[in-house]
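The structure under discussion is supplied below as structure tokens; questions concerning it will follow.
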Amino acid sequence: MSESKNETSTQENSQWPLYEVFIRSKNGLEHRHVGSLHASDAEMALENARDVYTRRQEGVSIWVVESKNITASNPENSGELFEPAKDKIYRHPTFYELPIELKHI
Amino acid sequence: MSPEIKLEDAFQARIDDEQKIEPKDWMPEKYRKTHIRQISQHAHSEIVGMLPEGNWITRAPSLRRKVGLLAKVQDEAGHGLYLYSAAETLGISRDELFDQLHTGKAKYSSIFNYPTLSWADIGAIGWLVDGAAIINQVMLTRTSYGPYARAMVRICKEESFHQRQGYEIMLTLCQGTPEQKAMAQDALNRFWWPSLMMFGPRDAESPNTEQSVKWKIKRKTNDELRQQFIDITAPQAEYLGITIPDPDLKWNEERGHYDFGEINWDEFWQVVKGNGPCNKERLQARVDAWENGAWVREAAVAYGNKKEKESIKVKTA
Ligand SMILES: [Fe+2]
Ligand SMILES: [Fe+2]
């Protein structure tokens with residue numbers, strides 16, 4: 001009895017954990033984030049993802065991952081993260097000037 | 001200028017620039033609150049909307065109709081899920097959202113507080129109610145909050161079958177016996193005006209509209225959407241050979257729109273306030289489903305925990 005009491009106290013929050021769902025729409029394409037859902041465990045998350053996100057053959061493969069395991073960048077740091085790439089135009093092919101008569105380059 | 005005002009200006013500039021707002025971005029508190037209210041209200045409507053239609057699944061007139069209706073109702077559950085998930089990105093939990101619905105603090109679309117008395121009502125709902133929802137939802141695919149817009153794109157892809165199955169039901173009835181056609185007419189009579197009310201109060205009585213348009217939550221006003229629905233639907237009723245119950249409904253060549261009669265706003269506010277024909281029954285059905293399912297949710301958690309413990313044991317053994 002005391003053990004089961006212990007167990008319910010760890011589940012005080014009745015809400016099931018949140019999972020993010022990724023679907024590969026067909027072989028040859030990458031898995032893509034399609035949404036999220038709550039489930040009591042990963043297996044149920046997969047089954048529910050099947051029912052909710054692939055009812056019309058939208059996928060051939062599913063990944064689910066608990067949302068808390070995702071580390072995301074903070075939009076407040078977007079400047080320092082992404083702006084340094086802005087002025088590096090020499091990373092693009094058009095930066096290099098070649099005569100137009102040149103072919104296949 | 002206070003830093004708060006500076007942030008708000010930058011936020012509005014992003015909206016004006018047609019940039020989407022994503023969950024972790026800074027947003028005005030009112031933008032967040034408005035979205036939680038609107039998205040959750042929308043989610044609640046999807047799942048309460050399953051009830052009037054679920055009423056006819058076991059009595060569908062053929063297997064073809066039954067699988068169609070089942071698939072539609074299953075879609076609506078999915079729509080509810082997409083929208084609850086979108087609302088949760090704004091920092092409110094699923095439990096809180098359900099709680100707001102079950103205590104009556106949150107609203108859902110009033111249309112679902114009307115009863116489904118005959119099979120023709122299933123046709124009328126698919127045609128008119130899903131039809132009205134589609135008009136609203138197509139607009140919302142371009143809404144400024146990213147997760148809401150993405151949920152809408154997914155939903156809109158699934159909706160058109162709902163409306164087509166509804167119209168097909170109406171068409172079949174209208175081409176059937178005089179009694180069947182009368183059934184279709186009766187369903188149209190009862191669902192026409194409540195469908196028009198789905199777009200909400202008139203613009204003049206809708207104080208939130210201006211802010212919603214400014215934040216690009218909505219891109220059209222209630223009255224514009226309502227007019228769009230009437231213009232699309234009137235010829236469809238004509239094709240069925242049944243009559244929209246509005247003596248003032250008439251094509252206005254000059255405006256390029258249908259004119260229509262006055263909506264009974266008294267009825268609208270009565271149903272919103274909880275005095276519609278099925279308000280109590282719908283809410284009770286939701287609360288019962290939630291409470292009677294509690295043991296299933298608990299058992300699933302216990303089972304999940306047990307499996308996790310076992311897998312840890314195996315790993316450490
Ligand atoms: Fe829906
Ligand atoms: Fe629908």
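Consider the range B:115-142. How many of its residues are within 16 Å of ligand 2 (Cβ to nearest atom) and either in contact with a strand residue (DSSP E or B) (Cβ under 9 Å, 6 or more places away or on another chain) or not β-branched (Val, Ile, Thr) (or both)?
Residues that pass the stated criteria total 14.
Follow-up. Report, by residue number, each residue of the range B:136-155 that is more than 13 Å from ligand 1 (Cβ to nearest atom) and open to solvent by less than 10 Å² (accessible area, probe 1.4 Å).
Answer for the range B:136-155, where residues must be more than 13 Å from ligand 1 (Cβ to nearest atom) and open to solvent by less than 10 Å² (accessible area, probe 1.4 Å): B:THR143, B:SER144, B:TYR145, B:GLY146, B:TYR148, B:ALA149.
Residue pairs, Cβ under 8 Å, 6 or more apart or interchain, first in the range B:43-64 and more than 14 Å from chain A (Cβ to nearest Cβ) and within 18 Å of B:GLY78 (Cα to Cα), second within 12 Å of ligand 1 (Cβ to nearest atom) and polar (S, T, N, Q). List them.
Going by the 8 Å Cβ cut-off, the qualifying pairs are B:SER45/B:SER109; B:VAL48/B:SER109; B:GLY49/B:SER109.
Quick check on the range B:70-79. Is at least one of its residues more than 14 Å from ligand 2 (Cβ to nearest atom) and either within 13 Å of the chain's Cα centre (by Cα) or of a type outside the set (Ser, Thr, Tyr) (or both)?
no
Any idea which of (1) within 16 Å of B:PHE98 (Cα to Cα); (2) part of a loop (DSSP other than H, G, I, E, B) is the one B:ILE36 doesn't satisfy?
Here B:ILE36 clears every test but (2).
When you scan the range B:303-310, do you find a residue that is among the small types (Gly, Ala, Ser) and away from chain A (no Cβ under 13 Å), even just one?
no
Using the structure shown, decide if B:GLU281 is open to solvent by 70 Å² or more (accessible area, probe 1.4 Å) and within 25 Å of B:THR233 (Cβ to Cβ).
So B:GLU281 does not fit the description; no.
Restricting to the range B:15-32, count the residues that are more than 14 Å from every other protein chain (Cβ to nearest Cβ) and closer than 13 Å to B:LYS216 by Cα.
Final tally of qualifying residues: 5.
Please work out which residue is nearest to B:TYR31 (Cα to Cα), limiting yourself to the range B:86-99 and to residues that are open to solvent by less than 40 Å² (accessible area, probe 1.4 Å) and in a helix (DSSP H, G or I).
Applying the filter and picking the extreme gives B:ALA87.
Can you report the number of residues in the range B:156-179 which are more than 16 Å from ligand 2 (Cβ to nearest atom) and either open to solvent by 70 Å² or more (accessible area, probe 1.4 Å) or within 14 Å of chain A (Cβ to nearest Cβ) (or both)?
The number of residues fulfilling the criteria is 4.
When the residues of the range B:20-62 are filtered to those that are under 30 Å from A:SER73 (Cα atoms) and of a type in the set (Phe, Trp, Tyr), which remaining residue is surrounded by the fewest Cβ atoms within 10 Å (Cβ to Cβ)?
B:TRP26
The values are calculated or read from the model by the stated rules, or taken from the named source; none is laboratory data. If you're wondering where the values come from, they're calculated on a predicted model, not measured in any experiment. Cβ atoms come from the backbone with ideal geometry, glycine included; neighbour counts cover every protein chain shown. Protein only, heavy atoms only, side chains kept; ligands, DNA and RNA dropped before computing areas. Shrake-Rupley method; radii C 1.70, N 1.55, O 1.52, S 1.80 Å.
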